[in-house]
1. Along its three principal axes, how long is the range 216-357 when you only count alpha carbons? Whole Å, largest extent first please.
2. Just order 91-101, 343-353, 179-189 by mean Cβ neighbour count inside 10 Å, highest at the front, would you?
3. Give me the net charge for the shell around residue 240: Cβ to Cβ below 13 angstrom, other residues only, Lys and Arg +1, Asp and Glu -1.
4. Between residue 55 and residue 309, what is the FRET efficiency for a Förster distance of 56 Å, r being their Cβ-Cβ separation, to the nearest 0.05?
5. Under a no-solvent Debye model with one identical scatterer per Cα of the range 111-155, what's log10 I(q)/I(0) at q = 0.16, 0.19, 0.25 Å⁻¹?
6. When the chain is treated as a GNM, springs tying every alpha-carbon pair under 10 Å, which of 116, 52, 162 comes out with the largest mean-square fluctuation?
7. Run the dipole for the range 160-325 about the Cα centre, Lys and Arg Cβ at +1, Asp and Glu Cβ at -1, nothing else charged, and hand back the magnitude in debye, nearest 20.
8. With Cα extents along the principal axes in Å as the read-out, I listed (i) 62, 48, 45; (ii) 64, 43, 37; (iii) 96, 43, 38; which label goes with the value calculated from this structure?
Amino acid sequence: MQPRSATPAGDRIRVAIIGATGYVGGELVRLLDRHPDVVVTGLWARDREAEPVGRAHPHLSTTGHLVHGTLPEADAVFLALPHTASAALVPELVAAGRTVIDLGSDFRLKDPEDYPRWYRMTHPHPELLAQAVYGLPELHRAELAALRGAATRIVAAPGCYPTATILALAPLARAGLIADLVVDAKSGVSGAGKEPKPELTFSEVNESVKAYGVGGHRHVAEMEQELGLLSPAGTNPGVRGIDFLPHLIPMTRGILSACHVRPTRPVSADELAALYRDAYAEEAFVHVVDAPPTTGNVMGSNHVRIHASVDERTGRILAIGVIDNLVKGAAGQGVQAFNVVHGLPETAGLEQLPLAP
């Protein structure tokens, strides 16, 4: 068997995963266990002590990792915890000099006043929000790299819906083209987490599509924040009041975000193609495609596929983004941002091609 890494074990970055027994935690184990520059020093979950990871994730049993109830020594810590659970842990972790990659929502929003509105919580450490970097490397690569020498290193990994939506719309936002915006999105059931819930049983989900978050899903806050930051002054009125409707559909993995844009001025098909081609020509994981993509095109990978077109009859723009919600929408995105922070090749540990069929 070939060695996992040419980097000596003593030179690899020590990584721990908190919340290792959930779907995102399992995906982190899968990716980081084969990362060429990482050694996984420990997995943590409540009320576990020396429990084989295979009990929670049978497909990972050959890794030999154990899940403990105490945090091991690590240079970087990935948090795969429910919303509002990370904020209490992060101050102690960063005070110990660890890089924190939070896969939850607790540091994504810059304005502390957004947390009571969208998450029904008063943020316990608002002073850290300004220091956290939104972990979407395609938009915040320089800020992530700047964390390398910072005393406080917090990466706030984006949500899955915002990842697909923001990347699908970023070229339009930069060009000031979003006059009105409606986002219609679909998610596989794994996006709702591993915790058993009656409404997520097979008999409830199979052969059914359910709209949820009607009237204001919490991920709207991320979309408006990030698209607003991309907008030239006085442009893009559509990003200040996004209509977003997510749906749960009967599949395991995947996000498809269909973004319906009324542009601020007429846009030709050639201009639109050039905007997207120029925006993503140098990106390793974002691929602009000629035909509408499917979630199956990216399953199991950190890839994003985007298709944009103009409806000649209505003048509207349709921008579609697809991702695997557990990889580019969560664990893979966290690893990608981690790589940037630590000066590693951005694709390290993420070179898996999509799965098919």
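1. Per principal axis, max minus min of the Cα coordinates gives 42, 35, 34 Å.
2. Packing order, densest peptide first, comes out as 179-189, 91-101, 343-353.
3. Value of the local net charge: -4.
4. FRET efficiency, residue 55 to residue 309: 0.75.
5. -0.51, -0.66, -0.88
6. Taking springs between Cα atoms under 10 Å, the residue moving most is 116.
7. That gives a dipole near 200 debye.
8. Calculated Cα extents along the principal axes in Å: the matching label is (i).
Coordinate-derived values only; no laboratory data. Just so you know, these numbers come straight off a predicted model, no measurement behind them. Glycine also receives a Cβ, built like all others from the backbone with ideal geometry; neighbour counts cover every protein chain displayed.
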